[in-house]
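In what follows, a single structure is set out as structure tokens and then discussed.
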Amino acid sequence: MPRAEPESKVSMDTLIMKFGGSTVGTTSALTQVLSIILEEHERWKRLLVVVSALEGVTDALIEAARLAQLGNRRGYRRIAATLRTRHMALAENLPLGATERAVLQADIDRLLFDMLDTCQALADRRLNEDYEHPEHYEAIVGVGERLSARIVAALLRQNDLRGVAIDATDLIVTDNVYGNATVNIPLTRERILAHLQPMLDRQITPVITGFIGSTVGGHPTTLGRGGSDYTASVLAACTNAKEVWVWTDVDGMMTTDPREVAEARKIPSLSYDEVAELAYFGARVLHPRMVGPLRERDIPLRVRNVFKPREQGTLINREGERDRVAVKAVTSIAGLGLSARRRGPLAGITRLVDDILFRTTGSHTEVMISSQTSGESFVCFVIPTTAGPDALHTLRQALEDELPETPEAGVWTARPVTVVTAIGNRLDQLNGLTARLFASLNDIRILAVAQGPSNCTLSFVTEPGDAEKLLLQIHNFILNSD
Ligand code: ASP
Ligand code: MG
């Protein structure tokens, strides 16, 4: 008998559950994942599971693809061997029957052989034609999700569910911004109706690869780092899902990154706007582009901890907007500060920085803050988390090369900065809150300050060396104002 959950008695229709890399990488976490899926399978009419690659696997694949581009065969083969050992060990240790295990191990081998072939193709291309091959690169980087989807599907079948691993390359249609693609929702919906809906109607539980898609022409793409969340939100939009649950290894959206600050606390509820800002300004839990499709259709999102399945985690929906005025969270994100000893239009430099970042990472940047005095200008750009951890370094190097060659942009000096952002509800309302927040900041050199137009953010630009102190002071302010 399906057991109804109090808050969604009306129609237990479609639920999307996404499991992050930290929840599919170990036998103990996978045991939790399995029991969660078994339980929710009883409650919902249709259940779609989305998985990330095992933690660290996408980083390794990116490295393999880079080595292949450089023609370093030993390098990418070594990575493939390590990935094989890791996935095989997991397959070995999971409670699977002999047949299920043999099929899974054969799948792992096949996928990694495919990956090696693609690396080889990329390495050969380099020798002959010396140009980049984004679709080869994307195929390599997206193998991690194909592997983890097979692992989870095998586990479901072993437990009498109709689990089927599905490669989202056949479903999710994207633009051709390789490395950071955006989904075409109408085209994706057509494919889902044609290929996925019939499976759902036959009580199959699809285990869908997060993060990957393909262009209309069939070339593989990826959705930017952390893109599996975005896959889950697109699937929700295309199936009229009732809710999306993102399962991770922390308690929900937190007041700050719990890996950095042990005192971080869970935030019970947030609005879509607050979550979009949190993701944009560096909270690594969610992909920034996942919020849009959910907000448009009013689909609630929960962020939950697989190790605490009885707890509700953080609920994100429209209601969150009616919460009291408060600072709820603080984030920090890498940025690039550019200064010039003159004032004048900033369009040239803005275009140059955006062009370089887009060319090197597929991500666009935005001017976070710009300020000018009588004789000086300062512009600060934020580097989106979806661009990956090396983006700032790549951008700086490219800028150093190109600034001297682009006199129309002016004479600028670049330096890394950190943008620390306080996020909350209706921060524009004059209730002394921001004054108290400012008053709580001590001994920190702040280079610039900006309140965001959504009225949910107050950002401080600071030297990277001061960022931790600033973040802790704002975090203490949050904890003390409860
Ligand atoms: N595996 C991909 C990444 O590491 C996507 C994801 O985890 O959401 O970025
Ligand atoms: Mg993630």
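Between Asp109 and Asp428, the modelled label-to-label distance comes to 6.2 nm, taking each label 7 Å out from Cα in the direction of the beta carbon. The relative contact order of the chain, computed from alpha carbon pairs under 8 Å that lie at least 6 residues apart in sequence, is 13 percent. Inter-label distance, Ala102 to Thr373: 7.6 nm, where each label sits 7 Å from its Cα along the C-beta direction.
As a size descriptor, the averaged projected area of the C-alpha convex hull of segment 13-249 was calculated at 11.7 nm². Listed by chain and number, the lysines placed with their C-alpha closer than 29 angstrom to that of Lys328 are Lys18, Lys242, Lys266, Lys308, Lys469; residues fewer than eight positions away on the same chain are left out.
Please report the relative contact order for segment 207-348, taking Cα pairs under 8 Å with a sequence separation of at least 6, and give it as a percent rounded to a whole number. Could you put the intermediate results ahead of the total?
On the way: 229 pairs, mean separation 35.9, N = 142.
Relative contact order here is 25 percent.
For segment 206-343, build the charge dipole from Cβ charges (+1 Lys, Arg; -1 Asp, Glu) around the Cα centre, then report which of Thr256, Ser332, Gly226 sits farthest towards its positive end. Selected residue: Ser332. For Lys45, the aspartates and glutamates whose Cα falls under 17 Å of its own Cα, not counting residues fewer than eight places away in the same chain, are Glu5, Glu7, Asp13, Asp160, Asp201, Glu243.
Each of Trp412, Trp247 was scored by other Cβ atoms within 10 Å of its Cβ. Arranged with the fewest first, they read Trp412, Trp247.
About the centre of its Cα atoms, segment 14-64 shows a dipole size close to 320 debye [charges on the beta carbon of Lys, Arg (+1) and Asp, Glu (-1) only; nearest 20 debye]. The slack in the chain from Ile446 to Arg359, taken as 0.36 nm per residue of separation less the alpha-carbon distance, amounts to 28.2 nm. When only alpha carbons of the chain are considered, Rg and Dmax amount to 23.2, 75 Å.
Centre-to-centre, using Cα atoms only, segment 401-437 and segment 311-371 are separated by 8 Å. Computed on the Cα trace of segment 328-480, the radius of gyration divided by the Kirkwood hydrodynamic radius gives Rg/Rh = 0.99. Taking 0.36 nm per residue of separation and subtracting the current Cα-Cα distance, fully stretching the chain between Thr31 and Arg74 would add 11.9 nm.
Gain on full extension, evaluated as 0.36 nm per residue between Glu319 and Glu260 minus their Cα-Cα distance, stands at 18.3 nm.
Peptide packing for 330-339, 393-402 was compared via the average number of neighbouring C-beta atoms within 10 Å per residue; ordered from the highest value, the list is 330-339, 393-402.
Quick one: go through segment 405-438 and flag any residue whose amide nitrogen is under 20 Å from the point 7 Å out along the Cα-to-Cβ line of Lys469. So the set is 416-422, 437-438.
Bear in mind that the values in this text are calculations on the coordinates, not laboratory data. Keep in mind the model is a prediction, meaning the values are calculated, not measured. Using ideal geometry, Cβ is built from the backbone for each residue, glycine included, and neighbour counts are taken over all protein chains shown.
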